[in-house]
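Novice: Please see the structure below; I have some questions.
Each reported figure results from applying straightforward, stated rules to the coordinates on display, with no laboratory input. Only a predicted model underlies this, so the values are computations on that prediction, with no experimental measurement involved.
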Amino acid sequence: MRAQNLVSITSLLLMPYLGRAKRRIGERMGSVALQGEGQQNLLCSYLSAALLLGLAGNALLGLWWLDPAAGVVIAAVALKEGIETWRGEGCCAPSASGSEGDCRDACCS
């Protein structure tokens, strides 16, 4: 088994737990940054699933097109996340009082 596959399998198994834990702790601390990091961990596990699906479909079923298709999906998700980050979307969350646009930490200033 190649090292890249092992990293992807480990990511698929562990990142959902890490992501949920970071989001839960971020909520308790009021840290939008930590909540966002937890979301990125979850995204990492989804991308690992797409990668492994593409590789397995190619290797086991001879679906040569599935591996490049998974690559296109991964690239599209990365582009979407990059654009959202560039625009600053998802940085500010509603405050505990429920008002929109209040930053809980300095990510928006």
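Every residue, every condition in (1) closer than 28 Å to residue 59 by Cα; (2) among the basic types (Lys, Arg), yes or no:
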position	(1), (2)
2	yes, yes
7	yes, no
14	yes, no
37	no, no
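Novice: Let me ask another. For region 12-51, enumerate the residues that are small (Gly, Ala, Ser) and closer than 15 Å to residue 74 by Cα.
Specialist: If the condition is that a residue be small (Gly, Ala, Ser) and closer than 15 Å to residue 74 by Cα, then 45, 48, 49, 50 are the ones that fit.
Novice: Turning to a different aspect of this structure: I'd like to know if region 52-67 contains one or more residues that are among the aromatic types (Phe, Trp, Tyr) and closer than 19 Å to residue 15 by Cα. Give the steps one after another, and end with the answer.
Specialist: Step one: of region 52-67, the residues among the aromatic types (Phe, Trp, Tyr) are 64-65.
Next, from what is left, pick out any that are closer than 19 Å to residue 15 by Cα: none.
Taking every residue of region 52-67 in turn, none turns out to be among the aromatic types (Phe, Trp, Tyr) and closer than 19 Å to residue 15 by Cα.
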